[in-house]
Structures are given as C-alpha cells and as structure tokens.
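Chemist: Handing you this structure, nothing more for now.
The values are calculated or read from the model by the stated rules, or taken from the named source; none is laboratory data. The structure presented is a predicted model; accordingly, all values stated were derived computationally and were not measured. Every residue, glycine among them, receives a Cβ derived from its backbone with ideal geometry; neighbour counts consider all protein chains shown.
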Amino acid sequence: MRYYLIVGEASGDLHASHLMMSLRKEDPAAEFCFFGGDLMQQVGGTLVKHYREMAFMGFIPVLMNLPTIYRNMKQCKQDILTWQPDVVILVDYASFNLKIAHYIKTHTDIPIFYYIAPKIWAWKEYRIKSIKRDVNELFSILPFEVAFFEGKHHFPIHYVGNPTADEVKQFKANYHEDFAAFCQKNHLNDQKPIIALLAGSRKQEIKANLPTMIKAAQRYSDYQVVIAGAPAIEEDVYRPLLENTEVHLVRNQTYPLLVHASAALVTSGTATLETALLGVPQVVCYQTAVPKLIRFAFNHMINVKYISLVNLIANQKIVPELFADRFTLSQITSELGKILPGGEHRQAMLEGYQTVHMALGDEIASDNAARLMVSLLRKHRES
C-alpha cells in the first residue's frame, strides 16, 4: 500500500521513521511519500519537503512567513491528490496537519490516520470538532490522552505505547561507551562531570532559551557545560551564543550526552521525557514573550496543571517547571543546584521517574501502531 506521511519537526521525523520501518514489516510492499526529515529519508521513499523549511513558531515568525506556509500547504495538498495514497498519516504538527486533513477529507475518500494525537488537552480544545469531522483513526502515545478523548469527548483513540520509551530502551541496550571514551571523542575534559543543555529544536527556541541556560550552568564551575545540538539546526546558530564561553557543542549525540550527564537543563517537549527515561535529573525551563500574561493564561485559561511530559504522565510534580515569569537566571541556578549530586531534590526526582516508566507500559509503539494501521486499512479496502 501507499503511505503519505506529514511531520513538522525533529521529534516527528524520529517517530515517523520508526513507524515506517514497522509498516514495512507488516506490509513489505509499502511505498512512502512524505513531508519529513533525514531519518525518514534513510528508511526510503520520496522526500517532498524537509521539515526545517516548515518549522516556524511564535506569532511574528509565523506572520512573516505566511506566504511560505501557504505555499507548503498548497504543495502538500496537490502532491497527495497526484500521488493518491491509500492513507495519509499525520504526525503531531496540528496547525498544519488539521488543515490538510480537512482538505483531503472534503476532496477525496483517502482515510486520515493521526499518529501522535494533537495536544488539544493543553490548549485549543475546540480542535476536537475538526478531529471528529476529518480524522478516521486517532493513535495516542500518551496514556492520559485516552481518558481525555474517550471519556470527555467520546471519540475513540488507540493508545499504542510510547515511541520515546521504545527508542530509549533500544539505545540503552546497545550503548556501551564509557565516560572517558565519550569525552575523548568529543574533546571534553574527562576529569569534569557534565551539565547537559537541551535548548529546543527550533532556532527561535534556542536563541530565546540558551543564553540564560548557559549562564545558570556556568555558575557551577566544577562542571563542564555541554549543549546537545538539535539535528536540523546549523552550527552557525549556536556559534554566536558560545562566544567567550567554555561551553561545548556535540552534534547528533543527545542520548550519549545525557547518559554521561550529571544533570540537565531542558526546554519543554519530548526532550523532557527522554531525559527522565535516561535517568538524568533535570530542570525544565522555557522562556516566553510577555511572561506575566502567559502565567495568567496558564493559571486561568489552559487546561493542564503542568507543561512537561514528565509531570503530565505522572500526574504529579516530579521536575521543576520554570517558564514564563519563573524563567529567571536566579531560579534556574537555584533549582539546578538542588538536583546536582548531593542536592536535596535529586533522589526524590529519580524515584519519581519510576512512576513515568510504569505509566508508559512496555508496548513497542511503532510496531503496535503499524499492526493496527495495516489491519484497519485492509478492512477499509474490503468494505
């Protein structure tokens, strides 16, 4: 069968590439066409547009790039109509993907599968109307979403397991490099422990968050500070931020870096879950525009108690969340000190991570999702 996939960022590229490999196991004749990234391209198929040409965030960047966004959308719609896949698989990236879903639903009979459901439980809950109208099957990677979609909105959803948990488990089983070898390979000091910085996967996030994260980490002079470079971000983005510092940058080694880190400063998103599953104490920090307004909105308008996946999955505060008006140098520095070895919150956080492991379960998400998708598509073709 023919599968058309659409992703809009690095984590989507990773999850979609694993899904594609699993689909091949269930359907050896599978053909792929996609808006995606390097990892999907390695699996095989036709890359129509790379996600780095589509990753705009924040009101002003989106506004300035509206012509590009509309061109991308038009190209995507036309390409689907031309290629005529058996299914369109949307991966997260709701602002773009829900518009594509509506167009395909109203112009074709191609079924729409949504893998990694939009996070409407956090904001824009009104999008449930679009999902109910335009999406045939919804697949979740977060266990708490089942109660939200099925219990609150009476829309069926398949919890398939968590791909991040699968990827971390596979990595840990196969990674055997010791600290000294990792340091030697990356020209680091093997006599100093590491504080890792994961500052996001988009240029705007990195430029907004990284300077303060660096300053906070550098307050602990017994540690070396190492940044995990995002896969689709050029080194030129980082270079000006590292001038006159002793901070190091490693590329395409986020998991190895975390394994060897004593603690981490992490922006919100999948990286918070990866850090927890690798057993690294962390402070979640995220700078926003108009911080007091964002804090008010979070307290009074947004439907969740937490912003990090770690706390959301556990349904309790395990990691500190310093965003909006709490994103300050003094607060980040203070919370970091509490989770370094000997810090007062370190052990409790590591114990809290076990709650997250248990909630996610042991299903292999991509295999489970692929098995379900192929079965549903075969039934659809027979009907």
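Chemist: Consider region 15-54. How many of its residues are part of a loop (DSSP other than H, G, I, E, B) and surrounded by 23 or more Cβ atoms within 10 Å (Cβ to Cβ)? Step through it out loud before you land on a result.
Modeler: Here is the first cut: in region 15-54, the residues part of a loop (DSSP other than H, G, I, E, B) are 27-30, 37, 44-45, 54.
Filter once more, so that each one left must be surrounded by 23 or more Cβ atoms within 10 Å (Cβ to Cβ): 37.
Going through region 15-54 one residue at a time, the tally reaches 1.
Chemist: Give me a count of the residues in region 362-383 that are acidic (D, E) and outside any helix (DSSP H, G or I). Steps first, please.
Modeler: Narrowing region 362-383 to residues acidic (D, E): 362-363, 367, 382.
Subset that is outside any helix (DSSP H, G or I): 362-363.
Total meeting the criteria: 2.
Chemist: Which residue, of F155, F148, is at pLDDT below 95 and within 30 Å of A359 (Cβ to Cβ)?
Modeler: Selected residue: F148, the only one of F155, F148 that is at pLDDT below 95 and within 30 Å of A359 (Cβ to Cβ).
Conditions tested, residue by residue: (1) assigned to a helix (DSSP H, G or I); (2) surrounded by 15 or more Cβ atoms within 10 Å (Cβ to Cβ).
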residue	(1), (2)
Q184	yes, no
L188	no, yes
L210	yes, yes
M213	yes, yes
A216	yes, yes
Y220	no, yes
T275	yes, yes
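Chemist: Looking at I141, I131, which is the one that is in contact with a Gly (Cβ under 8 Å, 6 or more places away or on another chain) and crowded, with 16+ Cβ neighbours inside 10 Å?
Modeler: Going through I141, I131 in turn, just one is in contact with a Gly (Cβ under 8 Å, 6 or more places away or on another chain) and crowded, with 16+ Cβ neighbours inside 10 Å: I141.
Chemist: Tell me, please, whether a residue that is farther than 22 Å from G12 by Cα and in the same structural domain as D325 (by TED's automatic domain parsing) can be found in region 143-151.
Modeler: No, that holds for no residue.
Chemist: Could you check region 148-172 and list, in sequence order, the residues that are over 22 Å from the mean Cα position of the chain (by Cα) and of a type in the set (G, A, S)? Steps first, please.
Modeler: If we filter region 148-172 for residues that are over 22 Å from the mean Cα position of the chain (by Cα), which is where we start, we get 150-156.
G151, the sole residue that qualifies.
Chemist: Right, next: Quick check on this structure: which one of H154, H176 is in a loop (DSSP other than H, G, I, E, B) and farther than 25 Å from V87 by Cα? Break it down into steps so the answer makes sense when it comes.
Modeler: Working: H154 fails: farther than 25 Å from V87 by Cα.
Selected residue: H176, the only one of H154, H176 that is in a loop (DSSP other than H, G, I, E, B) and farther than 25 Å from V87 by Cα.
Chemist: Return the pairs, sorted by first residue and then second, in which the second residue is polar (S, T, N, Q) and surrounded by fewer than 19 Cβ atoms within 10 Å (Cβ to Cβ), the first residue lies in region 195-217 and is over 18 Å from A276 (Cα atoms) and in contact (Cβ under 8 Å) with a residue 24 or more places away in the chain, the beta carbons are less than 6 Å apart, and the residues are 6+ apart or on different chains.
Modeler: Correct list of pairs: A216/T333.
Chemist: Okay, moving on. Looking at the structure I just gave you, is E246 outside any helix (DSSP H, G or I) and acidic (D, E)?
Modeler: Yes; evaluated as a whole, the condition is true for this residue.
Chemist: Next question, about the same structure. Looking at this structure, is F113 outside any helix (DSSP H, G or I) and either hydrophobic (A, V, I, L, M, F, W, C) or outside the structural domain of V250 (by TED's automatic domain parsing) (or both)?
Modeler: Working: outside any helix (DSSP H, G or I): yes; either hydrophobic (A, V, I, L, M, F, W, C) or outside the structural domain of V250 (by TED's automatic domain parsing) (or both): yes.
Yes; evaluated as a whole, the condition is true for this residue.
Chemist: Further, regarding this structure: Identify the residue in region 260-271 that is in contact with a helix residue (DSSP H, G or I) (Cβ under 8 Å, 6 or more places away or on another chain) and at pLDDT 95 or above and, among all such residues, is surrounded by the most Cβ atoms within 10 Å (Cβ to Cβ).
Modeler: By that ranking, first place goes to V266.
Chemist: Go through region 330-368 and report how many residues are acidic (D, E), closer than 21 Å to N311 by Cβ and surrounded by fewer than 19 Cβ atoms within 10 Å (Cβ to Cβ).
Modeler: The initial filter retains those residues of region 330-368 that are acidic (D, E), namely 335, 344, 351, 362-363, 367.
Okay, now just the ones that are also closer than 21 Å to N311 by Cβ, so 335, 344, 351.
From what is left, the residues that are surrounded by fewer than 19 Cβ atoms within 10 Å (Cβ to Cβ) are 344, 351.
Qualifying residue count for the region: 2.
Chemist: Would you pick out the residues in region 1-14 that are crowded, with 24+ Cβ neighbours inside 10 Å and either touching a strand residue (DSSP E or B) at 6+ places or on another chain (Cβ under 6 Å) or of a type in the set (V, I, T) (or both)?
Modeler: If the condition is that a residue be crowded, with 24+ Cβ neighbours inside 10 Å and either touching a strand residue (DSSP E or B) at 6+ places or on another chain (Cβ under 6 Å) or of a type in the set (V, I, T) (or both), then Y3, Y4, L5, I6, V7, G12, D13 are the ones that fit.
Chemist: Would you confirm whether any residue within region 95-113 is closer than 29 Å to L278 by Cα, in contact with a helix residue (DSSP H, G or I) (Cβ under 9 Å, 6 or more places away or on another chain), surrounded by 15 or more Cβ atoms within 10 Å (Cβ to Cβ) and not hydroxyl-bearing (S, T, Y)?
Modeler: At the first step, the residues of region 95-113 found to be closer than 29 Å to L278 by Cα are none.
No, that holds for no residue.
Chemist: Filter region 296-344 down to the residues that are modelled with pLDDT of 90 or more, among the small types (G, A, S) and part of a helix (DSSP H, G or I) and list them by number.
Modeler: Selection gives A314, S330, S334, G337.
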